[in-house]
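J.: Handing you a structure now.
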Amino acid sequence: MGKKYEESLLYALKNRQKMEEYQGVPLLVKNLPDSDEKGAMDPRLYEDSKKNLKIMAWMPSFLMKMDTSEKGIANLRKMFNGVKSVPCVEEKITIENRLVKAEDEYQIPVRIYKKSSGEVDTKAVFYYIHGFFGGSPDVVEEAVKMFVAKTGLVAVSVDYRLAPENPYPTGHKDCYRVLQWIGENKELFGEGAYRIFVSGDSAGGNLAQYCTTRDMEDGKHLIKGQLLLYPTLNMAQVQDEYYKPELEQYEMAPKQKRGVNKMVGMFAGMSGGLESVLGTKDVKNNYLNPYTKNPEGTPPTFLTVGEHDFLKMETLGYGVKLHKAGVEIKMVLYKGFGHAYIDNIGVYPQSEDCIDEMANFVREHCEKTLRTGENSLFSFGLK
C-alpha cells in the first residue's frame, strides 16, 4: 500500500514553511500545504475527524473526564493502540527482536531496526519510546522504519511495562535500562552505543526526558540529543511566565471552533488525571514534571507540536526555558494539526515531514559530536 497523498503536498508543505519567533525563540511553522485559512484543520485531517468533532461539540463536559477504571483504561487503549499508519516504506528494513533484563529480572522486549541493503550506519543509535499507558511499538513501527530508511541509522524501539498495571517508576526504569543496554553493546551498535538520540511521543516524551535526566545524573552522557514529540512535560500543570493553559492561545477557524475547543479541553483533562494511572501522587518530581526542573546541561533538543494540541503551550514553554538555559533547541509547529501525527505515516504529509525534520536534527547534531578529520564526514542522506 502506498501513501494516501501526492508527493506534491509534501513539497508544498516544505515550501510554505516559515521561520517565526515564539517568546523570542526561533519557531519553524509548517503552514498547511494547500490552504491559507487561519486556524483551520488540515483538510485531510478534518475529513477523517469531522464526525468525531461534531459529536464532541455537543458532548457534556462531565462525560469528557478521564476514566481511569479498568474498563476506562481498556477503552483508552483501544483508541491509542490502533495502527493508523499505512505501509509505505519501500526500502526493506530488517527487524530483530531481543530481550533486555530489567532490574527485577523482567525481560523487556525490544526491536532493532536496520536497513537490509547497503552498509548500516552505526555512528548513532535512534532510540524510540511510545506513551506509557497506551500505544505499543506496533503503532510507531512505520515511523521508525521510515526514519531508518531515510538515514541508514540503527533504531531501537522498546515495549516496556505499561501503567497502571505496573505503577511508576516501573516503565520509566525499563526504558532507562534499555538505554544502558544500548550503551553496553558496542558489538551490536558500533560507535552508536555511545552516541544515542532518544525520542518519544506524548507520554513517551516524558519517558525520553527521564532517560536523558538519568543519563546526566549518572554521568554517562550517552545521549547526544533528544527528540520530544508533543511531550507530556508538566503533569502538575505548574503555571509560570512561559506556560498558561488558556484556550485563547489557540487559533481556530470559526466553523470548526466548537469541536476543536472540546477536543483540546477533553485531552487536557486527561493529562490532569495521570496520578491515578501512574499510581503516585508525586507528579511534581523532576522525573514526571521535568518542566519545573533546572534544564541547564540538557543535550540538544528537538520539540514538535500541533497548533491544536492540548500540550502545545507546555511544549513551547519548555522550549523557551531550554533556550534561556543555553540549550540548543529546534521547535517545529504544525498548523492545522492536534496530537499524535507521528502515528499517521503515509496518511498525512505532515507525518512524513516530521520524520524528515527529525532526521535532519539527528544528522546535524551527530556531526557536531564527531572528531575532525575523515570521521567528521558523517554522511547519511535524506531521500
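J.: Show me the helices (runs of 4 or more DSSP H) entirely contained within region 84-203 in which 1 or more residues are open to solvent by 10 Å² or more (accessible area, probe 1.4 Å) and in contact with a Lys or Arg (Cβ under 6 Å, 6 or more places away or on another chain).
T.: Helices (runs of 4 or more DSSP H) meeting the threshold: 137-151, 170-183.
J.: Within region 17-37, work out how many residues are surrounded by 13 or more Cβ atoms within 10 Å (Cβ to Cβ) and out of contact with any strand residue (DSSP E or B) (no Cβ under 8 Å at 6 or more places or on another chain).
T.: 6
J.: Taking the condition of being of a type outside the set (Val, Ile, Thr) and closer than 21 Å to residue 359 by Cβ, how many residues in region 85-123 meet it?
T.: 16
J.: Oh, and also: Tell me which residues, restricted to region 275-307, are in contact with a helix residue (DSSP H, G or I) (Cβ under 8 Å, 6 or more places away or on another chain), under 14 Å from residue 202 (Cα atoms) and not aromatic (Phe, Trp, Tyr).
T.: The answer is 288, 290, 303, 304, 305, 306.
J.: For region 300-314, state whether one or more residues are at pLDDT 95 or above, open to solvent by 10 Å² or more (accessible area, probe 1.4 Å) and assigned to a loop (DSSP other than H, G, I, E, B).
T.: Yes; the residues of region 300-314 include at least one that is at pLDDT 95 or above, open to solvent by 10 Å² or more (accessible area, probe 1.4 Å) and assigned to a loop (DSSP other than H, G, I, E, B).
J.: I need the full set of residues from region 204-227 which are part of a helix (DSSP H, G or I), buried (at least 24 other Cβ atoms within 10 Å of the Cβ) and either modelled with pLDDT under 95 or hydrophobic (A, V, I, L, M, F, W, C) (or both), in order please.
T.: Residues satisfying the conditions are 207, 208, 211.
J.: Are any residues in region 189-237 over 19 Å from the mean Cα position of the chain (by Cα), among the hydrophobic types (A, V, I, L, M, F, W, C) and closer than 20 Å to residue 369 by Cα, and if so, which ones?
T.: Those that are over 19 Å from the mean Cα position of the chain (by Cα), among the hydrophobic types (A, V, I, L, M, F, W, C) and closer than 20 Å to residue 369 by Cα: 189, 193, 216, 222.
J.: Search region 280-303 for residues that are without any contact (Cβ under 8 Å) to a residue 24 or more places away in the chain and pair each with any residue that is surrounded by 20 or more Cβ atoms within 10 Å (Cβ to Cβ) and not aromatic (Phe, Trp, Tyr) when their beta-carbon atoms are under 7 Å apart and the residues are at least 6 apart or on different chains.
T.: Short answer, once both residue conditions are applied: none.
J.: What is the one condition in (1) modelled with pLDDT of 95 or more; (2) within 14 Å of the chain's Cα centre (by Cα) that residue 297 does not satisfy?
T.: Answer for residue 297: the failing condition is (2).
J.: Out of the residues in region 41-70 that are part of a helix (DSSP H, G or I) and of a type in the set (A, V, I, L, M, F, W, C), state the one that is modelled with the highest pLDDT.
T.: Of everything passing the filter in region 41-70, 45 is modelled with the highest pLDDT.
J.: Within region 326-343, count every residue that is open to solvent by 20 Å² or more (accessible area, probe 1.4 Å) and over 12 Å from the mean Cα position of the chain (by Cα).
T.: Adding up the residues that qualify gives 5.
J.: How many residues does region 228-244 contain that are part of a loop (DSSP other than H, G, I, E, B) and closer than 19 Å to residue 340 by Cα?
T.: Result for region 228-244: 6.
J.: Count, please, the residues in region 38-51 that happen to be open to solvent by 70 Å² or more (accessible area, probe 1.4 Å) and under 23 Å from the mean Cα position of the chain (by Cα).
T.: Matching residues across region 38-51 total 1.
J.: Another question about this same structure. How about region 122-181: which of its residues are of a type in the set (Gly, Ala, Ser) and either modelled with pLDDT of 95 or more or touching an Asp or Glu at 6+ places or on another chain (Cβ under 9 Å) (or both)?
T.: Listed by number, the residues that qualify are 124, 131, 135, 136, 143, 149, 152, 155, 157, 171.
The values are calculated or read from the model by the stated rules, or taken from the named source; none is laboratory data. The structure presented is a predicted model; accordingly, all values stated were derived computationally and were not measured. In this analysis, Cβ positions are derived from the backbone assuming ideal geometry, glycine residues included, and neighbour counts consider all displayed protein chains. Each accessible area value is taken on the protein alone, full model and side chains, heavy atoms only, with ligands, DNA and RNA left out. Shrake-Rupley method; radii C 1.70, N 1.55, O 1.52, S 1.80 Å.
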